[in-house]
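Chemist: Once you've had a glance at the structure underneath, I'll fire off some questions.
Derivation of every value follows stated rules applied to the coordinates shown; laboratory data play no part. As the structure is a computational prediction, the values presented were derived from the model and not from experiment. All Cβ positions, even for glycine, are placed from backbone atoms using ideal geometry, and neighbour counts span all protein chains on display.
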Amino acid sequence: MGDAEAGKKIFVQKCAQCHTVEKGGKHKTGPNLWGLFGRKSGQAPGFSYTDANKNKGIIWGEATLMEYLENPKKYIPGTKMVFAGLKKKSEREDLIQYLKQATS
Amino acid sequence: MSFWSRQRYQRTLFLLLLSLASARGVTPTPKGCVVFQSEKGSSISCHPPAQVPRSLPADTFHLVVEFFNLTQLPPDILQGASKLQELHLSSNRLEGLAAEFLLPAPGLRVLDLTRNALAGLPPGLLRASAALETLVLKENRLEVLEASWLHGLKALEFLDLSGNRLRELPAGLLANLTRLRTLDLGGNRLEALPPGLLRGPLRLERLHLEGNRLRVLAKELLGPQPDLRLLFLNDNQLAEVEAGAFRGLRRLDMLDLSNNSLASVPEGLWAPLAQRGRDMQDGFDISRNPWVCDQKLNDLYRWLQATKDKMFSQDDTRCAGPEAAKGQTLLAVAGAQVDLLRLQGDGGGKKRHGPGPGVWDEGSLVHGHWNQCPVWLLFSLPLPRN
């Protein structure tokens, strides 16, 4: 079970540059992540995704995020997200735990 | 002969015919690249088992060529691609780039070269890249950097040099990067930084220095960037943060000093942060340091008491000494110590350091953790309570 507090720090360090999490948060280089869990990829309202992301067609949850966040460009080839990924499993678990709380 | 219609967002997966713009004639690009057509132009995405394209349609605005075993790009690959905005070349094995390779694409905004084998950039590579906003050289083999490589990048906002082998940085590296907002130097081998590194017209918001070998945070480093919001210094070998290092940082909202070798900090170090009248919005982390919890940390204790709900890793922020305090959390010691100082009052044995009255609202101090293991205080004064 990931540690959401540690996940929050990871978010600030590696994600907050391009993403917000709160309800009504603005889109930046990347989409606002409110409502992420249970949503189909490429569907945050008002954000202009690449076709690669829109067409991926998966539902975001713990398992899909674990895979995605390890290497986003491998999971969604053609994505414009410039993020090399989180190698450490524990970091991904922590981050996902934080996202679960912060985006719903 | 046209294989596809010009409807929006139509996805195709077959041989691509080039426009006749190229003087070299029509050259079909290889099978397997995914092409999306829209009113913006062509977005082309190539991964194995597709082949690397040797040329591109004139309306290409987005190109992805990733995960190939490619040590060099085909020469002139960008010839004719004058509308190119984003170029994603991560996870190849690029060892070098031709000096003129970006000249056909003066509108380029994003260049991602993450995870290649570049040991350097050819001089003049970026001289026509006045529109480049994002440059990522993460996880290559850079051991040295020449400031001249970055000349001309007047639109650059995001520079990622993390995960390389940089031991030192040239003076003036950032001098003309007037728009730079984020600088990531994490995961290198930096032992020291040129003192004027951050001098210049840049308006830095985010500075990543985590995972290096820095031993000292010099007092002049951050002064030129008063609007710095996020500062990551974790996982270094910092044994010293010089007095005044945080002076003038009116917007700092995240400070990570975790996993260093800090045993103590100079008086007044936290005063500039404490005096702003607002907390650090994103938090701070000073855990995993060998703190010596004596009276020299009084300023820090007061600040911790006032801002502890923004403190990460509270349980991992512990005293390594002196013997009596070993193993206690800093917050426990801080709580007890601040209470003791209140009880002593201003006429107490030890002169109070730090900001003057009115800044520390004593009414808001929370009482120490008396229900935990008794905290040994380090003066010869008796504990007021048991």
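Chemist: With unit charges on the beta carbons (Lys and Arg positive, Asp and Glu negative) and the dipole taken about the Cα centre of the stretch B:18-173, which residue among B:Val110, B:Asn69, B:Ala128 sits farthest to the positive side?
Modeler: The residue sitting most towards the positive pole is B:Asn69.
Chemist: Using +1 on the beta carbon of Lys and Arg, -1 on that of Asp and Glu, and nothing else charged, what's the dipole of the stretch A:7-104 about the Cα centre, debye to 20?
Modeler: Numbers: 18 positive and 8 negative charges, 34 e Å.
Its charge dipole is roughly 160 debye.
Chemist: Nearest 20 debye, what's the magnitude of the dipole of the stretch B:186-295 about its Cα centre given +1 on Lys and Arg Cβ and -1 on Asp and Glu Cβ?
Modeler: 360 debye
Chemist: Could you give me the ³J(HN,Hα) list for the stretch B:243-254, computed from phi with Karplus coefficients 6.51, -1.76, 1.60 and θ = phi - 60°, whole Hz, x at Gly and Pro?
Modeler: 4, x, 4, 9, 4, x, 7, 7, 10, 4, 10, 8
Chemist: A follow-up question, please. Taking a 26 Å limit on the Cα-Cα distance, which of the listed pairs A:Lys87/B:Lys308; A:Lys8/B:Lys326; A:Lys100/B:Lys310; A:Lys73/B:Lys310 fall beyond it? Display every interim value, and only then the final one.
Modeler: Details: A:Lys87/B:Lys308 30 Å; A:Lys8/B:Lys326 29 Å; A:Lys100/B:Lys310 20 Å; A:Lys73/B:Lys310 33 Å.
Table pairs above 26 Å Cα-Cα are A:Lys87/B:Lys308; A:Lys8/B:Lys326; A:Lys73/B:Lys310.
Chemist: While we're on this one: Order these by the 10 Å Cβ neighbour count, fewest first: A:Glu67, B:Glu39.
Modeler: With the fewest neighbours first, A:Glu67, B:Glu39 line up as B:Glu39, A:Glu67.
Chemist: To the nearest whole number, what is the average tally of beta carbon atoms from other chains within 10 Å of the beta carbons of peptide A:72-84?
Modeler: 6
Chemist: Can you tell me the dipole magnitude for the protein assembly as shown around its Cα centre, using point charges on the Cβ only (Lys, Arg +1; Asp, Glu -1), in Debye to the nearest 20?
Modeler: Values: 62 positive and 50 negative charges, 220 e Å.
In total the dipole reaches around 1060 debye.
Chemist: Related question: List the chymotrypsin sites (Phe, Trp or Tyr not before Pro) within the stretch A:36-86 that fall in a DSSP loop (any state other than H, G, I, E or B) and whose Cβ has at most 14 other Cβ atoms within 10 Å.
Modeler: Numbers: sites: A:Phe37, A:Phe47, A:Tyr49, A:Trp60, A:Tyr68, A:Tyr75, A:Phe83; in loops: A:Phe37, A:Phe47, A:Tyr49, A:Trp60, A:Phe83.
Counting only loop positions with at most 14 other Cβ atoms within 10 Å, the chymotrypsin sites (Phe, Trp or Tyr not before Pro) in the stretch A:36-86 are A:Phe47.
Chemist: Return an integer: the convex hull volume of the alpha-carbon atoms of chain A, in Å³ per residue.
Modeler: Roughly 88 Å³ of hull volume per residue.
Chemist: Quick one: Cα centre-to-centre distance for the stretch B:219-261 and the stretch B:69-103, in angstrom?
Modeler: Comparing the Cα centres of the stretch B:219-261 and the stretch B:69-103, I get a distance of 37 Å.
Chemist: What nm distance separates the two modelled labels at A:Ser90 and A:Cys18, each placed 7 Å from Cα along Cα→Cβ?
Modeler: Simple spin-label model gives 2.6 nm for this pair.
Chemist: Pop out the ³J(HN,Hα) list for the stretch B:94-104 in order, Karplus 6.51 cos²θ - 1.76 cosθ + 1.60 with θ = phi - 60°, rounded to Hz; leave Gly and Pro as x.
Modeler: 4, 9, x, 10, 5, 4, 9, 4, 8, 4, x
Chemist: At 0.36 nm per residue, minus the direct Cα-Cα distance, what do B:Lys326 and B:Asp227 gain on full extension? Give it in nm, one decimal, please.
Modeler: Details: separation 99, 0.36 × 99 = 35.64 nm, distance 3.71 nm.
Result for the pair: 31.9 nm of gain on full extension.
Chemist: Say each of B:Ala119 and A:Ile59 gets a label point 7 Å from the Cα, pointing the same way as Cα to Cβ; how far apart are those two points in nm?
Modeler: For the pair B:Ala119/A:Ile59, the computed spacing is 5.1 nm.
Chemist: If you don't mind, another one. Note down the relative contact order for chain A as a percent, whole number, built from C-alpha pairs under 8 angstrom at least six residues apart.
Modeler: Relative contact order comes out at 38 percent.
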